[in-house]
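Read through the structure below, which is laid out as structure tokens, and then see the notes.
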């Protein structure tokens, strides 16, 4: 087990990268603490799989270093790094039995059969596949195959980090949550550092203690699921996490106050260092209230979607679309309504990045 | 009640006719000849299973069958491993892929009799490139019109040259269909190159290799044109394979009865061996 440190990491798939755009990863500095459960979240093509392959050693970064417990492993091949990786599609050795599959990484490293047997038995028990040990792996269902892939990662006693590259892609929806909670349970039992790559926010938020959000080869924010939800550091995080994502509305900043369509919007707190000019207001749909006879920003309801537990109202205010999530009664399409933003959750973003700080005495 | 519509049978008729005229009827003619004796003028005498008995007991047939089995065994044991090895060595991506594929496919595009003629000229001791080189430059006596060993070596090399590509292309298709994650996982699991071959590449190639071996078995077991053009079955009878012997009996000696019986036995052997082989190769798939 180890603490993993990425320092000044850059990677380009081109031999002679010229500009920032040529880099799949743009300067990453990141520390994964020993024993943590991390999720690496981002849209397809943001560089998360590249980052994962660099940590596992399948790719050598163009620039920068990878340190395992302060030891430089940048030049080491995957087999020497003592890591495990679970891929999107279950990788199993078809001709072997489940037992031999699980034993494979240990036998390749020349462990005694006694140790192999003990480890395989205990891992099989953890994964609840003991009754399948003597069946041929080729005949398993996809979710069991993926379990075996995970098992091969966990079977080594001294693994530094276990990485999951969108491991639930091919699993049936009703088995997804089962495997997900299994993973969480495994993490608590084996206490290895785990990194879980996904573009699915639910998977990331349920699995991880810390979520790393990436966009365009950059880390945008690192935080607990609650932090990411409540105080997105970038409008991208606001958009990407939540369903629907955060409302991002254009505004004018004049002397530290924000104006949306000419109306002043009260922010969570002071905006430090933001000069006059265009900026954006960020507010989660959960914190927008809609009323038909109150005060607030005038808007017209465009549509209402009933998604079970709550209703998503889409309204147009000052030519901008604003989502609101309501419990219970909701207006119907075409109604004239007023919107109110909860002040403590209303934030200001300048050039995409969070610019307001919480505090009293807001304007 | 379900509607019974017998008219649907008409849809089967075209296929039935096609199969009848290209396989069943000609085959029945052979069956007809195999149980009768004829002296021409459409006069036939019932012969029973005499011709079959005669063929099965004849030393000539045993020898030809032995040569045939030896030939097929040799080319399979050379072409399959060689084909796999070449496929493994071929690049999986990059500008050289089309070059390799076309180069590999070229021998297969050449007609059988041309291949036979090419190798015949190639190996002539006085003017052929290989023949001259062996005899006059290296000083090794090499003349397949005189020496049965030389004739056999040439026939086998010719077939390897002509048909290894088929195994290569099939094995290559199997190899490139293996997702990269398998290699990455094996690398992380610390697998050796041999283990990667044994547990990933070979199992993934199994289906295409089954097809390759079946095709090569059937083609080589029924081979006629190439050895006929190259050696004509000689020197003596040393390279007279089953098909060459069959043509000699049927068209050379005009013994239609024994030839027909031999055809059916020949066909039965090919069919049985293919079935046996396929069953054995796929036996493991159904085991759990």
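Applying D = kT/(6 pi eta Rh) to chain B, where Rh is the Kirkwood radius over alpha-carbon pairs, T corresponds to 25 °C and eta to 0.890 mPa s, the Stokes-Einstein value obtained is 109 µm²/s.
Peptide B:260-269 has a mean shielding of 0, counted as Cβ atoms of other protein chains within 10 Å of each residue's Cβ.
Taking every DSSP helix (H) stretch of at least 4 residues in chain A, weighting each as -39,500 (n - 2.57) and dividing the sum by the residue count yields a mean residue ellipticity at 222 nm of -7000 deg cm²/dmol.
The equivalent ellipsoid that matches the C-alpha gyration tensor of the protein assembly as shown spans semi-axes of 73, 32, 25 angstrom, in descending order.
Per-residue mean of foreign Cβ neighbours for B:178-187 is 6 (Cβ atoms of other chains, 10 Å radius). Taking a ≥ b ≥ c as the square roots of the Cα gyration tensor eigenvalues, the range A:218-363 comes out oblate, since a/c reaches at least 1.5 and a/b does not exceed b/c. Using just the C-alpha positions of chain A as equal point scatterers, what log10 of I(q)/I(0) does the Debye formula give at each q in 0.08, 0.15 1/Å? Debye curve over Cα of chain A, log10 I(q)/I(0) at q = 0.08, 0.15 Å⁻¹: -0.51, -1.21.
Sort A:99, B:172 by Cβ crowding within 10 Å, fewest neighbours at the top.
Lowest to highest Cβ neighbour count: A:99, B:172.
Expressed as a fraction of 2.2 N^0.38 Å, the value expected for a compact globular protein of N residues, the C-alpha radius of gyration of the range B:130-191 is 1.99. Per-peptide packing, taken as the mean over residues of other Cβ atoms within 10 Å, places A:278-291, A:128-141 in the sequence A:278-291, A:128-141 from highest down. Of the beta bridges in chain A, as assigned by DSSP with both residues counted there, near 75 percent are antiparallel. Write down the percent of antiparallel bridges among all DSSP beta bridges whose residues are both part of the protein assembly as shown, to the nearest 5. The antiparallel proportion sits near 80 percent.
From the alpha carbon centroid of the range B:162-216 to that of the range A:2-42 is 34 Å. When B:226, A:63 are arranged by Cβ crowding within 10 Å, least crowded first, meaning fewest neighbours, the order is A:63, B:226. Counting, for every residue in A:71-84, the Cβ atoms of other protein chains within 10 Å of its Cβ and taking the mean gives 2. Across all Cα pairs in the range B:95-228, the calculated P(r) in 10 Å bins from zero up to the longest distance comes to 11, 29, 27, 19, 11, 3 percent per bin. Computed from Cα atoms, the angle from the helix A:98-108 axis to the main principal axis of chain A rounds to 80 degrees.
Taking only the C-alpha atoms of the range B:26-73, the Rg (one decimal) and the largest Cα-Cα distance, Dmax (whole number), read 14.1, 43 Å. How large is Rg over Rh for the range A:1-158, taking Rg from the Cα atoms and Rh as the Kirkwood inverse mean of 1/r across Cα pairs? Radius of gyration over Kirkwood radius for the range A:1-158 works out to 1.03.
Taking a ≥ b ≥ c as the square roots of the eigenvalues of the Cα gyration tensor, the range B:1-118 is classed as oblate, since a/c reaches at least 1.5 and a/b does not exceed b/c.
Give me the angle, in degrees from 0 to 90, between the Cα long axis of helix A:142-154 and the longest principal axis of the Cα atoms of chain A, rounded to the nearest 10. Tilt of helix A:142-154: around 70 degrees. Look at A:265, B:110, A:28 and count the other Cβ atoms within 10 Å of each Cβ; fewest to most, that gives B:110, A:265, A:28.
Where a ≥ b ≥ c are the square roots of the eigenvalues of the C-alpha gyration tensor, would you call the range A:221-304 rounded, which needs a/c under 1.5, or, failing that, prolate if a/b is larger than b/c, or oblate?
Values: a/c = 2.02, a/b = 1.06, b/c = 1.91.
Note, shape of the range A:221-304 comes out oblate.
By the Stokes-Einstein formula, at 0.890 mPa s and 25 °C, the range B:81-159 with its Kirkwood radius over alpha-carbon pairs has D equal to 167 µm²/s. The C-alpha atoms of chain A define a longest principal axis, and helix A:173-190 lies at about 70 degrees to it.
Rule-based calculations on the coordinates, nothing more; no lab input. Only a predicted model underlies this, so the values are computations on that prediction, with no experimental measurement involved. Every residue, glycine as well, gets a Cβ built from its backbone with ideal geometry; the counts of neighbours run over all protein chains shown.
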